[in-house]
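Working notes, beginning with the structure itself.
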Amino acid sequence: MQSPWEYPDFDDHEIVHFVHDRASGLRAIIAVHSTHLGPGAGGVRFWNYAETGDALRDALRLSRGMSYKNAMAGLPLGGGKAVILSDEARTKTPEMLAAYGQAVEKLSGSYVTAEDVGITVADLDAVSKHTRFIAGLPVGEGEVGGDPGPHTSYGVFLGIKAAVRRALGKDSLAGLHIAMQGAGSVAGGVARRAAAEGARISLTDIDRSRAYRLAAEVGASVVAPEEIISLEADIFSPNALGAILTEETIAGLNVPIVAGGANNQLATPQDGQRIHQRGILYAPDYVINAGGIINVSSEYLRDADAAGVKSRVEQVPVRLEQIWSESASTGRNPAEVADDMAKRLIGR
Ligand code: NAD
């Protein structure tokens, strides 16, 4: 078995906790990559992994990603992530969630948990009965916090506009064609704003009814899932799953801009260079999609009202501009420039 220290994503994690609660059957890994800027913050994923090594790899990769995302969003938070290892039947019990909350509480705030894949708001509510170190809970009308989706969408929309300004010299999306992958929470918010500004949208989703519903609402055309990446358009906006930008798909891109909210869009670090070599402007995913964590962070730290959250999300295009400018002056690709900026911010 490979030693955990040799995993490429270990990358000097400050601490990795392995949790086993015999009574509830909970098995979890809580990885804290960096607390240089504040408590390690990031969601908890509930997933059935084929092997424990896969769970560890996922926790490490996601935790480091949160360090970079939080740093680049200018938040006083470090990076952490947890995974709960489920059985094949995805059995999730109240006792397990309670044991998870107790494990987070024992870390005394060095890790702050939130939602991720496989965890619902109701699950998070159950966890919150056992720990204070948690965010992303339902909030009342007018309070800061809750669903991060609309804030992520707003940041992605502003990021797309910044990319259009830089690559096409235009201040408006009017008349531009956006190829949108996904028709979920983030894509929906981006599509509504872009359509209101006069953009033409082609979209897709593997859930066809979702795609048609959003298309009807924003006046978009629906295309087949396999057509979206090579569609001729002004912007390709990935808002579904990760690892969609590969050597093969990048060769088929038919756009001057790739800018969307999906996490981990690049299949490998080399793919950042491949997009750059094709002369396509890329918006690093963890920078453009930080609106949600900005909102969650304000809920946890209670350091901003709704207007404050909005103005912080409005810094997303400013950060992207810094990355693109450095990329233009050094010739290095934006993904690499962003990683290096993030590392400097967390003292690595
Ligand atoms: P969502 O579940 O609401 O929507 C995702 C949609 O993508 C679903 O409708 C799904 O059917 C579709 N999809 C999955 N695979 C697809 C494929 N191959 N082709 C086309 N469609 C496909 O999720 P969301 O909250 O909108 O998140 C979208 C992406 O943005 C994810 O990568 C997520 O990690 C990332 N993200 C979300 C937030 C947030 O605040 N919600 C924040 C940061 C990043």
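Data overview
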quantity	calculated
Residue check, residue 45 farther than 23 Å from residue 285 by Cα, of a type in the set (Lys, Arg) and assigned to a strand (DSSP E or B)	no
Filter result (away from the ligand (no atom under 13 Å from the Cβ), out of contact with any Ser or Thr (no Cβ under 7 Å at 6 or more places or on another chain) and open to solvent by 40 Å² or more (accessible area, probe 1.4 Å)) within the range 201-233	216, 217, 219, 230, 232
Pair list, Cβ under 6 Å, 6 or more apart: the range 246-266 residue farther than 14 Å from residue 180 by Cβ and among the small types (Gly, Ala, Ser), other residue within 16 Å of the ligand (Cβ to nearest atom) and part of a helix (DSSP H, G or I)	252/230
Answer from 332, 319 - the residue that is assigned to a loop (DSSP other than H, G, I, E, B) and either away from the ligand (no atom under 16 Å from the Cβ) or open to solvent by 20 Å² or more (accessible area, probe 1.4 Å) (or both)	332
Residues of the range 251-270 satisfying the condition of being within 16 Å of the ligand (Cβ to nearest atom) and more than 14 Å from the chain's Cα centre (by Cα)	252, 253, 258, 267
Those residues of the range 17-37 which are among the hydroxyl-bearing types (Ser, Thr, Tyr) and not in a strand (DSSP E or B), in sequence order	24, 35
Residue match in the range 237-244 (condition: among the aliphatic types (A, V, I, L, M), open to solvent by less than 20 Å² (accessible area, probe 1.4 Å) and at pLDDT 95 or above)	no
Any hit, the range 297-307, residues being away from the ligand (no atom under 15 Å from the Cβ) and among the polar types (S, T, N, Q)	no
Residue count, the range 249-265 (criterion: open to solvent by 40 Å² or more (accessible area, probe 1.4 Å) and within 23 Å of residue 317 (Cβ to Cβ))	3
Residue that is within 23 Å of the chain's Cα centre (by Cα), more than 19 Å from residue 296 (Cα to Cα) and buried (at least 21 other Cβ atoms within 10 Å of the Cβ), where the choices are 59, 82	59
Looking only at the range 111-145, and only at residues there that are part of a loop (DSSP other than H, G, I, E, B) and among the hydroxyl-bearing types (Ser, Thr, Tyr), the one that is nearest to residue 239 (Cα to Cα)	120
Condition broken by residue 270, with the remaining ones in (1) closer than 17 Å to residue 245 by Cα; (2) open to solvent by less than 70 Å² (accessible area, probe 1.4 Å) satisfied	(2)
Subset of the range 146-171 that is in a loop (DSSP other than H, G, I, E, B) and out of contact with any Gly (no Cβ under 8 Å at 6 or more places or on another chain) - its residue that is least open to solvent (accessible area, probe 1.4 Å)	169
Qualifying residue in the range 159-175 (condition: away from the ligand (no atom under 11 Å from the Cβ), touching a residue at least 24 places away in the same chain (Cβ under 8 Å) and within 16 Å of residue 293 (Cα to Cα))	yes
Only one of 90, 61 that is at pLDDT below 95 and not in a loop (DSSP other than H, G, I, E, B)	61
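Yes/no per residue for (1) in contact with a Ser or Thr (Cβ under 6 Å, 6 or more places away or on another chain); (2) within 18 Å of residue 19 (Cα to Cα); (3) loosely packed, with under 14 Cβ neighbours inside 10 Å; (4) not assigned by TED's automatic domain parsing to the domain that holds residue 39:
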| residue | (1), (2), (3), (4) |
| --- | --- |
| 102 | no, yes, no, no |
| 105 | yes, yes, no, no |
| 109 | no, yes, no, no |
| 114 | no, yes, no, no |
| 122 | no, no, yes, no |
| 133 | no, yes, no, yes |
| 144 | yes, no, no, yes |
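The values are calculated or read from the model by the stated rules, or taken from the named source; none is laboratory data. Computed from a prediction, not measured in an experiment: that's the story for all the values here. All Cβ positions, glycine included, derive from the backbone under ideal geometry; neighbour counts span all protein chains shown. Each accessible area value is taken on the protein alone, full model and side chains, heavy atoms only, with ligands, DNA and RNA left out. Shrake-Rupley method; radii C 1.70, N 1.55, O 1.52, S 1.80 Å.
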